[in-house]
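Here is the structure we will look at, set down as C-alpha cells.
Where a number appears in this text, it was derived from the coordinates with a stated rule and is not lab data. Fair warning: this is a prediction, and the values are worked out from it, not measured in the lab. A quick note on method: Cβ atoms are made from the backbone with ideal geometry, for glycine too, and the neighbour counts reach across all protein chains shown.
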Amino acid sequence: MRSKYYSISFITLLVLALNLITVTCNQNNPSTNKDSIYIIENYEKHEYRIPMRDGVTLFTAVYSPKDTSKRYPIMFFRTPYSIPPYGEDKYPPYGEYYVSQFLGPSKLFTKETFIFAYQDVRGKFMSEGEFINVRPFIENKKDNTDVDESSDVYDTIEWLLKNIPNHNGKVGMWGISYPGFYTSMGIINAHPALVAASPQAPIADWFWDDFHHHGALFLPHTFNFFSVFGKQRNSLTKVWDKDFEYGTPDGYKFYLESVGPLKNVNAKYFKDSISFWNDIVEHPNYDEFWQERDIRPHLKNIKPAILVVGGWYDAEDLFGVLETYKTIEKNNPEIYNILVMGPWRHGGWARDDGSYLGNVFFTDSPPPSEFYQENIELSFFKYYLKGEGKLDLPEAYMFETGTNRWKKFNEWPPKNIDQKKLYLQQNGLLSFNTPTQPGIIYDEFISNPEKPVPYTETIAIEMTKPYMTDDQRFASRRPDVLVYQTEILKEGVTLAGDILAKLKVSTTGTDADWIVKLIDVYPDNYPQNPHIPENIKMGGYQQMVRSEVLRGRFRNSYEKPEPFVPNEITEISLPLQDVLHTFKKGHRIMIQIQSTWFPLVDRNPQKYVENIYKADEDDFINAVHRVYHSKENSSFIQIKILK
C-alpha cells in the first residue's frame with residue numbers, strides 16, 4: 001500500500017532545495033540546487049511496499065514524470081545500500097552509492113524523462129525479510145517459499161507494470177558493484193518486460209571478487225565493508241551503522257600491530273556480530289559455500305539486451321565485469337551483449353569525469369565518463385526502452401591506456417593478436433628471448449611477515465582508490481621485491497587480453513603468496529601531470545598496469561589446498577586480468593614479484609596451517625623464496641600483443 005502523499009507548497013519546495021545542498025556527498029557540487037529543483041518540479045515521488053511471492057514486502061521509491069501526456073519506460077535500480085531520502089516529500093540529492101543529485105545512471109537521464117524505481121533489497125533498510133550476502137540463485141524453485149534475487153526482480157516488475165500509470169511496458173535495469181550483481185540476477189529468468197540491462201562492475205564470484213583474489217583475503221576492503229555494513233539489523237531502519245573507529249589513519253600499523261593474526265578480528269572487534277565474517281573464517285577454501293554463490297553458471301537463456309561496464313582500474317570487481325561479459329557471450333551468443341571498459345576506478349564512470357586517476361592522466365577532451373554517458377550508456381537505454389536513435393556500438397568499446405584513446409573491437413579478446421612470452425633473465429632483465437643458461441639459476445629474497453611489503457606509499461586505513469596506478473618505485477627499492485625490466489622500447493607494444501604469469505619457484509617454508517605486478521616504466525624526462533603536486537615526479541614513474549596475487553596453497557586446486565615441499569622447485573600459474581595498454585616507445589616493461597602486499601592482502605604465515613584465519617602468532621615465520629629462470633626452469637609472463 002502506498003504511504004500517504006503530501007502536497008508541497010512552493011516555499012516548502014524552495015526551503016527543501018536549499019536544505020538539500022548541505023547533504024555531505026554534494027557539498028561542493030554547484031549544480032545541486034538547480035538539479036534538485038528540476039527533479040521536484042518535474043517528478044512526483046511515491047513510496048510503496050511491494051509484496052513478493054512469499055509475502056515479504058520490499059520498500060520501493062518511484063519517481064514518475066508529472067507530464068502524463070506520454071508513456072515512459074521504467075528504469076529500475078536495486079541496492080543493499082539504502083535509497084534515501086526516505087519520505088515522499090524528500091527528493092535527491094542523496095546518498096553516496098551511485099545516486100546523487102540526479103535520477104538514473106547519470107544526470108543525462110533525468111531530463112530525458114523516465115519513470116525511476118529504486119528499491120531496498122530484501123532484508124536491508126526499509127525492506128522486510130532476511131538479508132543474505134550474494135544470495136544464491138535457486139535453479140528449480142518448488143513453491144513460493146523458494147525466493148532469490150531473480151524472483152524478487154520478476155515480482156517487482158510485475159507489480160510496477162500493474163500499479164504504476166503511464167509506463168510504456170518496457171523496463172531497464174542498471175547497477176554498480178553490489179547493485180550490479182542484482183542487475184545480473186535480474187536478467188536470469190527475466191520478466192518479459194525487462195528488455196535492457198546494464199550490470200556495471202558486477203560481483204560474479206566472491207572467491208575472486210572484492211574480498212578474495214585467488215584465495216588471498218583483501219584485508220582492508222573486507223574489514224571496512226563488514227564493520228559498517230555486515231551487521232544484521234534488528235528492525236527496519238533508514239540509517240547506517242556508525243563507521244568503525246580505528247584510532248589511527250595508518251592502516252599498515254593498525255592491521256599489523258592492533259589486529260595481528262586474523263583470529264583476533266572476532267575476539268577484538270566483530271565479536272560474532274558479523275555473520276558473514278564467520279562464514280569467511282569457516283570456509284577458507286573454495287567449497288560449496290562459495291561455489292553456490294557463483295553467478296556464472298546461471299547466466300544462460302538471457303533475453304534482455306546487455307551492456308556490461310567496467311573500469312581497468314577497478315580494485316573491487318574487475319574480475320566480475322570481465323567474467324560476466326564473457327560468460328553471457330559464451331552462453332547466449334545470439335543476444336545483444338556488449339562490453340565497455342574505461343580508465344576508471346570502481347564506479348568511476350558515474351562518480352567522476354575519468355580524466356585522471358591518482359597521478360596518471362588520461363584525457364579531458366572529452367573526459368572518458370562524459371563520452372561514455374552520452375555516447376554509450378544513454379544511447380543504449382534510449383534505443384531499447386524508447387525506440388529512439390540508432391544503436392551503432394561495437395561489440396567491445398575499450399579505452400586503450402598508454403595512448404589514451406577509445407578503440408572499437410568486433411570481439412573481446414581480439415583475434416588479431418600475437419601470443420608472446422616475456423622471460424625473466426639474469427641481472428633483472430626481461431626479454432622475449434628464451435633463457436639459454438643451463439643449470440639452477442635463480443633470484444631469491446627473504447620474506448618476513450613481520451615487515452611485509454606495503455601495497456602503497458599512501459598512509460590510509462582503506463584500500464586506496466588509485467592504488468592500481470600507483471608509482472611502484474618504493475617497492476622496487478626493497479630487498480624483498482624482485483625486479484625485471486626490458487631494455488628501452490624502440491617501438492610501442494600494445495597488450496590486449498589476458499595475461500598469465502608462469503613461474504618456477506621454491507620456498508624454505510611450506511606456504512607462500514606470490515604477487516606479480518606488470519608495470520609501465522616512464523622515461524626519465526617524462527613531463528609532469530598537470531593534476532598532481534609538484535613533489536610527485538613523473539620522470540621514471542613506475543605505473544602499475546596490472547597486478548594479482550595467488551595464495552600458493554591453491555596452486556593446484558582452490559578446493560583442496562596443499563603445502564609446498566620446502567626447497568622443491570614448483571610451477572605456479574597466476575592469471576592476471578585483461579588489459580588494453582600500450583607501452584609506448586621510450587618506455588620499459590617491468591615485472592615485480594613479491595610475497596607480501598600489506599595490508600591490501602592479509603599475511604600468509606608461510607608455515608602451512610589448515611586455516612589461515614585461525615593461525616597463531618608463532619605460525620608466522622621468515623622464509624626464503626626463490627624464482628628460477630634458467631633454460632630448464634624458465635619463468636615467464638605470457639602476453640598477447642595487438643597486431
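See the values below:
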| read-out | value |
| --- | --- |
| Net length gained if the chain between residue 144 and residue 419 were fully extended (0.36 nm per residue, minus Cα distance) | 93.9 nm |
| Low-density loop cleavage sites - chymotrypsin sites (Phe, Trp or Tyr not before Pro) in the range 223-261, where at most 15 other Cβ are within 10 Å (DSSP) | 240, 244 |
| The chain: calculated mean residue ellipticity at 222 nm from DSSP helix runs of at least 4, using -39500 (n - 2.57) | -4500 deg cm²/dmol |
| Of 45/303; 585/640; 517/584; 271/614; 66/238, those spanning more than 20 Å from alpha-carbon to alpha-carbon | 45/303; 66/238 |
| Backbone HN-Hα couplings from phi across the range 124-139 [Karplus 6.51/-1.76/1.60, Hz, Gly and Pro as x] | 10, 6, 9, 9, 6, x, 9, 8, 10, 4, 5, 3, x, 6, 9, 5 |
| Shape call, the range 309-429: gyration tensor on alpha carbons, a/c limit 1.5 | oblate |
| Pairwise Cα inverse-distance average, inverted: Kirkwood Rh of the chain (Å) | 26.0 |
| Proxy reagent accessibility, fewest Cβ within 10 Å first, across 198, 258 | 258, 198 |
| Residue 448 versus residue 616: modelled label distance in nm, points set 7 Å from Cα along the beta carbon direction | 2.3 |
| Equivalent ellipsoid dimensions for the range 152-235 as semi-axes, Å, which come from the Cα gyration tensor, largest first | 32, 16, 9 |
| Filtered trypsin sites (Lys or Arg not before Pro), the range 469-533: DSSP coil and at most 16 other beta carbons within 10 Å | 477, 490 |
| For the range 548-557, 3J(HN,Hα) per residue [Karplus equation, 6.51 cos²θ - 1.76 cosθ + 1.60, θ = phi - 60°, Hz, x = Gly/Pro] | 6, 10, 10, 6, x, 4, 9, 5, 10, 7 |
| Calculated FRET efficiency for the pair residue 534/residue 567, C-beta based, R₀ 45 Å, to 0.05 | 0.40 |
| Neighbour-count order for 601, 609, fewest beta carbons within 10 angstrom listed first | 609, 601 |
| Cβ-derived FRET efficiency at R0 56 Å, residue 166 paired with residue 458, nearest 0.05 | 0.65 |
| Ranked list, fewest to most other Cβ atoms within 10 Å of each Cβ, for 536, 417, 295 | 536, 417, 295 |
| Relative contact order (%) - criterion: Cα under 8 Å, at least six apart; region: the chain | 14 |
| For residue 208, residues with placed amide H under 5 Å, excluding near neighbours | none |
| Peptides 561-573, 584-596 ordered by average Cβ neighbours within 10 Å, highest first | 584-596, 561-573 |
| Between helix 149-163 and the chain: long-axis angle, C-alpha atoms, 0 to 90°, nearest 10 | 20 |
| Tail beyond 23 Å, pair distance distribution of the range 417-642 (Cα, percent) | 48 |
| For residue 546, residues with placed amide H under 5 Å, excluding near neighbours | 518 |
| Mean separation of Cα contacts under 8 Å (6+ apart) over length of the range 417-642, as relative contact order % | 40 |
| For residue 125, residues with placed amide H under 5 Å, excluding near neighbours | 237 |
